[in-house]
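Written out below as structure tokens is the structure these notes cover.
The values are calculated or read from the model by the stated rules, or taken from the named source; none is laboratory data. This structure is a prediction, so every number in the text was calculated from the model and none was measured. Don't worry about glycine lacking a Cβ; one is built from the backbone with ideal geometry, like all the others, and counts go over all protein chains shown. Note: areas computed on protein heavy atoms with side chains; ligands, DNA, RNA excluded. Shrake-Rupley method; radii C 1.70, N 1.55, O 1.52, S 1.80 Å.
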Amino acid sequence: MSVFYCRRVEILLNCLDISTDLAQAIALNRQTKPIDEDHTKAISSDDIDIGLPWNNEQQTKAIHLALRSSFSLIHGPPGTGKTNVGIKLICLFNEINKQIEKNGGDRMQILFCGPSNKSVDLVASRFLRIAEKKEKMPTIARLYGNSIENLNYPIPGRVFSTERTKTDNTADYRLKDVSLHHLIRKPDKPFSEKIKSMYKELTQTFAEVTTTMSDKIKTKTPARKEKNEVKQVVDMETLKDYNQLVIDATIEELKLYDVIFCTTAMSTDPKLLRGTDGRIYQVIIDESGMCTEPECMSTIIATKAKQVVLIGDHKQLQPVVVCSQARQLGLQKSLFERYKTDSHVVPLTTQYRM
């Protein structure tokens, strides 16, 4: 986790006392309030025909509870259909949101997140495969972090941490058409031409500087002064304007989609929060047994979600907490595990994989 993300989590947790009633109830183990009447009336079914197997009894119960509760948990070992349930929930939540909007209500969005890029990409790519064969599926966008965006559109002189594994620090090629850093650069997008123009200027300037510096080194001519001058031109002006342009384009693009896929770390990113601007009604946190409690709570607080669904298996994988003192203080116990015996939980036990 980056220092910036940890700081965001700390700030958000300190805002718990002014957060939503739902966030406070979940954090303090209080009884959660029911969802509003409009959402209850808009529920038409506990299953949906999108090419996935029909629900078994446990899956129906899990979806029934998730649709009608402000806070619910779906627990199941690998192979019990958690991913299918998650995808169906996305579609059913979207149907409810569309029905409310049709009836004159506000437009709402759904956030699907998880602890790692790999876990999120797995669900997003499966969703896209289904969407290719079905009409009227929710529109989706995948929001990656700056380090991954920089792999596709490298910013000269800018270096990002590579602490995570290479697998988790790369964008899934199957999601290119729905990845926000690619979407904002498509020809029909309003910021596209300006982004391309500024990026070209940035890279060309850096290339010219690199050549100049290389020549100075070869001739053993001091180049410190020229290096500082170039740094001022590239970093402080063009680079600043370019970064702001990309942020503005991302914020505008986020407004267009029914569902946003991202990691829990990106769920608290200012770009996402400004782009969705209080429109996130439902948050689904997948593999939440692997998320620390602050990780889940910061997502719930930041998005101001009205419905929260945790999906996972606390018996399979727990949060990775390196600091022994933090483990002793209970950070290794996830929010999912804290609620494992609560009435909010529906277990999935039918095994399809083995």
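Backbone phi angles across the stretch 142-155, fed through the Karplus curve with coefficients 6.51, -1.76 and 1.60 (θ = phi - 60°), yield HN-Hα couplings of 10, 9, 9, x, 4, 5, 6, 4, 5, 5, 7, 10, x, 8 Hz in residue order; Gly and Pro are listed as x.
Summarising the amide proton neighbourhood of residue 73: residues at separation of 5 or more, or on other chains, whose placed amide H is nearer than 5 Å comprise 310, 345, 346. Basic side chains Lys and Arg get +1 at the Cβ, acidic Asp and Glu get -1 at the Cβ, and with that the dipole of the chain about its Cα centre reaches some 780 debye. Loop-resident GluC sites (Glu not before Pro) (DSSP state other than H, G, I, E or B) in the stretch 94-135 with no more than 10 further Cβ atoms inside 10 Å of their Cβ: 132, 135.
If we count chymotrypsin sites (Phe, Trp or Tyr not before Pro) as exposed when they sit in a DSSP loop and have at most 14 other beta carbons within 10 Å, what is the longest stretch of the chain that avoids them all? Could the numbers behind the result be given before it?
Details: sites that count: 54, 352.
Result, exposed sites excluded: 55-351.
Simple rule: put +1 on each Lys or Arg Cβ and -1 on each Asp or Glu Cβ in the chain, find the dipole, and look at 117, 270, 346; the Cα lying farthest toward the positive end is 117.
Put 15, 91 in order of accessible area, highest first, and with a 1.4 Å probe you get 15, 91. Given the choices [x] 53, 25, 18; [y] 40, 23, 19; [z] 37, 26, 21, semi-axes √(5λ) of the Cα gyration tensor in Å derived from the coordinates of this structure is entry [y]. For the stretch 1-52, rounded, prolate or oblate, judged on the Cα gyration tensor with a ≥ b ≥ c (square roots of eigenvalues), a/c < 1.5 rounded, else prolate if a/b > b/c? Oblate is the answer for the stretch 1-52, as a/c is 1.5 or above yet b/c matches or exceeds a/b.
For the stretch 253-264, putting each phi into the Karplus relation 6.51 cos²θ - 1.76 cosθ + 1.60 with θ = phi - 60° gives couplings of 5, 4, 5, 8, 10, 6, 10, 10, 9, 6, 7, 4 Hz, in residue order, rounded to whole numbers and with x for Gly and Pro.
Taking the charge dipole of the stretch 1-101 about its Cα centre, with +1 at Lys and Arg Cβ atoms and -1 at Asp and Glu Cβ atoms, the residue from 45, 78, 92 reaching farthest to the positive side is 78.
Relative to the longest principal axis of the Cα atoms of the chain, the long axis of helix 57-68 makes an angle of roughly 70 degrees. Seen against the Cα atoms of the chain and their longest principal axis, helix 117-131 is set at about 70 degrees.
Can you compute the helix-only [θ] at 222 nm over the chain? Use -39500 (n - 2.57) per DSSP H run of at least 4 residues, normalise by all residues, nearest 500 deg cm²/dmol. Intermediate values should be presented prior to the final figure.
Details: 15 runs with 163 residues, N = 354.
Theoretical 222 nm ellipticity from helices: -14000 deg cm²/dmol.
Working from Cα positions, state the angle (0 to 90°, nearest 10) between the long axis of helix 224-233 and the longest principal axis of the chain. For helix 224-233, the angle is close to 50 degrees.
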